[in-house]
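The values are calculated or read from the model by the stated rules, or taken from the named source; none is laboratory data. All values derive from a computational prediction rather than experimental measurement. Glycine gets a Cβ as well: all are built from the backbone with ideal geometry, and neighbour counts include every protein chain shown. Heavy atoms of the whole protein, side chains included, go into the accessibility calculation; ligands, DNA and RNA do not. Shrake-Rupley method; radii C 1.70, N 1.55, O 1.52, S 1.80 Å.
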Amino acid sequence: MHPFAYTRVSDVATAVEEVASDPGSEFLAGGTTEVDMLRVGVARPRRVVDINALPISRIEEGDGGVRLGGLARMSDVAAHPVVRERYPVLAQALEKGASPQLRNMATIGGNLMQRVRCAYFRDGGAACNKRVPGSGCAAVGGVNRGHAVLGTSEHCIAAHPSDAAVALTALDAVVRLRGPDGERSVPVDDFFLLPGDTPEREHPVGHGELITAVDVPPVPAARTSVYLKVRDRESYEFALASAAVVLRVEDGMVAEARIGLGGVATKPWRAREAEGALVGAPAEGASYELAAVREMQGAVPRGMNAFKVELAERTVVRALHMAAERQGGAR
Ligand SMILES: Cc1cc2nc3c(=O)[nH]c(=O)nc-3n(C[C@H](O)[C@H](O)[C@H](O)COP(=O)(O)OP(=O)(O)OC[C@H]3O[C@@H](n4cnc5c(N)ncnc54)[C@H](O)[C@@H]3O)c2cc1C
């Protein structure tokens with residue numbers, strides 16, 4: 001393994017300063033992605049800066065929403081009564097991710113920054129534009145059953161792996177960052193970049209910028225929200241397709257719809273085409289199917305992953321039925 005130095009810091013300003021001032025350093029939170037990356041040689045930092053002692057792990061209610069500290073553990077967020085009551089979609093997404101042991105270590109900040117699971121990205125001998133810009137994308141003509149069909153480019157088709165980020169996208173959450181130039185906020189939907197010509201750039205985040213918190217705004221309709229994850233086995237597996245759905249039905253018509261898709265896109269995908277098709281339509285199967293098909297019209301399948309188009313449509317439709325039933329507004 002590549003040798004590196006280890007530093008432990010206990011205040012946010014020092015953490016930012018330590019990483020921002022050294023291009024060869026990286027933050028270490030729960031380590032559930034970072035240590036893997038070190039082991040396979042994809043991450044080769046000179047130094048890791050352990051941020052686990054920073055005071056940014058609280059989960060706090062406020063202004064009708066909730067603030068999740070950047071170091072809040074996935075298991076603590078999933079178990080929090082406010083999250084369970086107001087944002088079941090987030091609790092379910094977290095509980096369906098990884099394993100109990102991993103969720104006890106993994107943090108919200110690390111979850112948003114986790115790297116893709118593409119085997120070619122993790123294999124130092126394979127062509128991967130994300131790891132070595134300009135080297136090509138072995139997945140395009142390779143083993144791509146798990147890869148994305150939405151938001152891809154000829155340079156990268158890796159699917160984004162996070163479940164929590166899909167729920168946070170549907171909830172219009174906001175990422176709070178602290179960097180050498182101060183604090184700023186970025187909506188979750190803007191926090192993940194499409195690969196385009198620069199798949200190596202995944203976030204609009206500068207080196208040394210720290211995720212201090214994620215703010216989830218009040219979304220009254222989210223109390224009956226649903227996260228549906230379809231995967232090869234029912235636990236400890238990444239999504240082939242997933243849908244985070246917030247639905248409000250009034251007098252049998254869809255009054256509000258927020259949908260995030262996972263497993264099928266290069267970023268946590270806000271399904272705005274489907275949302276637009278649903279609002280004002282009868283809350284019934286035909287509307288759900290039309291909305292799902294409309295969203296997936298832009299899909300670009302590449303061989304082995306072609307099944308994901310129909311799978312994503314079916315996942316959206318089933319999740320919409322589940323959300324409508326939870327609200328008691330189904331026809
Ligand atoms: C076997 C396995 C299965 C998994 N299954 C799933 C799954 O089904 N669904 C899912 O969503 N996830 C899954 N994961 C991923 C897991 O959720 C992530 O590894 C975890 O959330 C990362 O958090 P961490 O605190 O361990 O981050 P670390 O590994 O410590 O860090 C990850 C990255 O984030 C950066 N970072 C960490 N914290 C911050 C911060 N506050 N600000 C800025 N940068 C930061 C680090 O520098 C590093 O680049 C799985 C992981 C494994 C190993």
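Any idea which residue in the range 268-313 is farthest from D251 (Cα to Cα), counting only those that are β-branched (V, I, T) and open to solvent by 50 Å² or more (accessible area, probe 1.4 Å)? Here the residue is V300.
Contact map, the range 1-17: first residue within 15 Å of P45 (Cβ to Cβ), second residue of a type in the set (K, R) and open to solvent by 50 Å² or more (accessible area, probe 1.4 Å), Cβ cut-off under 7 Å, separation 6 or more or different chains; pairs are M1/R39; H2/R44; F4/R46; A5/R46.
One line per residue, one yes/no per condition, for (1) more than 22 Å from D189 (Cα to Cα); (2) open to solvent by less than 30 Å² (accessible area, probe 1.4 Å):
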| residue | (1), (2) |
| --- | --- |
| P88 | no, yes |
| A93 | no, yes |
| Q101 | yes, no |
| R115 | no, no |
| V132 | yes, no |
| A139 | yes, yes |
| V143 | yes, no |
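Of the residues making up the range 191-225, those that are away from the ligand (no atom under 16 Å from the Cβ) and charged (D, E, K, R) number 2.
Every test in (1) in contact with a Phe, Trp or Tyr (Cβ under 7 Å, 6 or more places away or on another chain); (2) without any contact (Cβ under 8 Å) to a residue 40 or more places away in the chain is passed by K267 save one, and that test is (2). Residues in the range 256-278 that are under 17 Å from H321 (Cβ atoms) and of a type in the set (A, V, I, L, M): A257, I259, L261, A271, A274, A277, L278. Determine whether the range 74-86 contains at least one residue that is assigned to a loop (DSSP other than H, G, I, E, B) and surrounded by fewer than 23 Cβ atoms within 10 Å (Cβ to Cβ). The answer is yes; a qualifying residue exists. Checking each residue in the range 286-331 for being part of a helix (DSSP H, G or I) and among the charged types (D, E, K, R) picks out E289, R294, E295, K308, E310, E313, R314, R318, E325, R326. Every test in (1) within 13 Å of the ligand (Cβ to nearest atom); (2) touching a Lys or Arg at 6+ places or on another chain (Cβ under 9 Å) is passed by H147 save one, and that test is (1).
Among the numbered conditions (1) part of a loop (DSSP other than H, G, I, E, B); (2) surrounded by 20 or more Cβ atoms within 10 Å (Cβ to Cβ); (3) not aromatic (F, W, Y), the only one that N52 does not meet is (2).
Answer with yes or no whether L150 is in contact with an Asp or Glu (Cβ under 6 Å, 6 or more places away or on another chain), in contact (Cβ under 8 Å) with a residue 12 or more places away in the chain and more than 20 Å from A98 (Cβ to Cβ). No.
Looking only at the range 33-49, which residues are more than 9 Å from the ligand (Cβ to nearest atom) and crowded, with 19+ Cβ neighbours inside 10 Å? Walk me through how you get there before you give the answer.
As a first pass, look at the range 33-49 and keep what is more than 9 Å from the ligand (Cβ to nearest atom): 38-42, 44, 46-47.
Within the range 33-49, L38 is the sole residue that qualifies.
All conditions but one from (1) surrounded by fewer than 21 Cβ atoms within 10 Å (Cβ to Cβ); (2) within 11 Å of the ligand (Cβ to nearest atom) apply to E61; the one that does not is (2). If a residue must be open to solvent by 30 Å² or more (accessible area, probe 1.4 Å) and assigned to a loop (DSSP other than H, G, I, E, B), how many such residues does the range 210-225 contain? Looking only at that region, the number is 2. Apart from one condition, R67 fits all of (1) within 12 Å of the ligand (Cβ to nearest atom); (2) in a strand (DSSP E or B); (3) closer than 20 Å to R176 by Cα; the exception is (1). Condition check for H160 on (1) open to solvent by less than 10 Å² (accessible area, probe 1.4 Å); (2) within 16 Å of the ligand (Cβ to nearest atom); (3) closer than 21 Å to E273 by Cα: one failure, at (1).
Among the listed residues L261, L247, L228, which satisfies the condition of being in contact (Cβ under 8 Å) with a residue 40 or more places away in the chain, within 16 Å of the ligand (Cβ to nearest atom), open to solvent by less than 10 Å² (accessible area, probe 1.4 Å) and in a strand (DSSP E or B)? Talk me through it step by step, then tell me what you get.
Details: L247 fails: within 16 Å of the ligand (Cβ to nearest atom); L228 fails: open to solvent by less than 10 Å² (accessible area, probe 1.4 Å).
Checking each option against the conditions leaves just L261.
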